[in-house]
Amino acid sequence: MVEGISKATYEKLFNHIVLCLNRVLNKHKRQNYQFIGILDIAGFEIFKVNSFEQLCINYTNEKLQQLFNHRMFIIEQEEYKREGIEWDFIDFGLDLQPTIDLIEKPIGIMGLLDEECLFPKATYKTLVHKITSNVSSHPNFCKPDKLRNQCDFAIIHYAGRVDYSAENWLMCNMDPLSDSAVSLMQNSTMPFIREIWKDAEYVDVSQETSLARRKKGMFRTVCQLYKIQLAELMDNLSNTTAHFIRCIIPNLEKKVCV
């Protein structure tokens with residue numbers, strides 16, 4: 001419970017700061033305005049053992065790389081055609097949509113994770129079985145090697161193969177807060193804490209027939225919220241003139257004079 005309250009408080013504090021900044025910067029409430037924004041995001045992550053956090057980060061990077069490929073290669077070559085420029089057509093073969101679909105489609109990994117969260121008796125093993133049973137035929141999905149017994153499955157991303165362990169994914173995806181935890185924060189002796197928690201929703205952990213109900217509507221999983229927010233980000237980026245800054249790793253050791 002302590003970890004859940006800490007994470008929720010951090011999220012609410014972050015959102016409160018963003019809200020305050022937006023109010024200050026948008027004094028005249030302009031509907032159509034120009035802006036310069038900077039998107040700084042964690043790069044692609046490949047560790048020895050990769051968990052739910054790495055899946056979310058790598059999923060985001062797949063979407064951003066797809067946007068980069070479209071802007072830098074497809075649109076540019078279409079402009080060459082329109083202007084009658086002679087050049088050797090290059091087929092980069094980097095359509096990342098199959099991998100994106102593997103993760104975000106209703107019968108993809110995130111959708112199956114959400115579905116498994118609906119069952120009170122779901123376990124780490126039942127989740128892995130559900131995923132492997134439904135997507136094992138996908139060309140970018142790999143079952144674990146015998147020598148890689150720490151992982152449950154692997155995904156072939158644009159940056160390479162990533163081995164994932166699905167342990168704790170169910171809890172990470174639900175991340176529920178009980179009514180007692182929410183009530184505790186809403187009745188805090190600190191006015192600021194009460195303010196940022198005033199609209200909080202809780203999970204009724206006594207429900208066994210479904211994932212749980214909240215005060216306002218159904219409980220949303222981390223996957224659902226993440227996909228909604230990522231879709232909003234991609235829509236925003238698609239309507240901007242983007243300039244990409246690529247970070248180059250000089251060597252795998254990340255050391256000088258190698």
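Here are a few things to note about the model shown:
- Restricting the range 52-129 to chymotrypsin sites (Phe, Trp or Tyr not before Pro) in coil, as DSSP defines it, with at most 14 other Cβ within 10 Å: 87, 89, 92
- Long-range HN-HN contacts of residue 157 with modeled amide H, under 5 Å: 162
- Listing 18, 2 from fewest to most neighbouring C-beta atoms within 10 Å gives 2, 18.
- In this structure, the pairs whose alpha-carbon distance is over 29 Å, taken from 7/121; 125/255; 81/105; 12/130; 7/125, are 125/255; 81/105; 12/130.
- Most mobile listed residue (117, 247, 56) in the chain, GNM with C-alpha springs under 10 Å: 247
- As a proxy for reagent exposure, ranking 13, 112 by other Cβ atoms within 10 Å from fewest up yields 13, 112.
- For the chain: rounded, prolate or oblate by the Cα gyration tensor [a/c cutoff 1.5]: oblate
- Among 233, 64, 102: highest mean-square fluctuation, GNM of the chain, C-alpha pairs under 10 Å: 233
- Ranked by the mean number of other Cβ atoms within 10 Å of their residues, highest first, the peptides 190-200, 37-47 fall in the order 190-200, 37-47.
- Summed over qualifying helices (DSSP H, 4 residues or more, each -39500 (n - 2.57)) and divided by its residue number, the chain shows a 222 nm mean residue ellipticity of -14000 deg cm²/dmol.
- Residue with peak Gaussian network fluctuation, the chain [Cα springs, cutoff 10 Å], from 15, 50, 61: 15
- Whichever aspartates and glutamates have a C-alpha closer than 16 Å to that of residue 198, once near sequence neighbours (fewer than 8 apart) are set aside: 11, 179
Every number in this text was worked out from the coordinates using simple rules, so none of it is lab data. In this text the structure is predicted, and so the values were computed from the model without any measurement. FYI the Cβ positions are ideal-geometry reconstructions off the backbone, even for glycines, and counts take in every protein chain you see.
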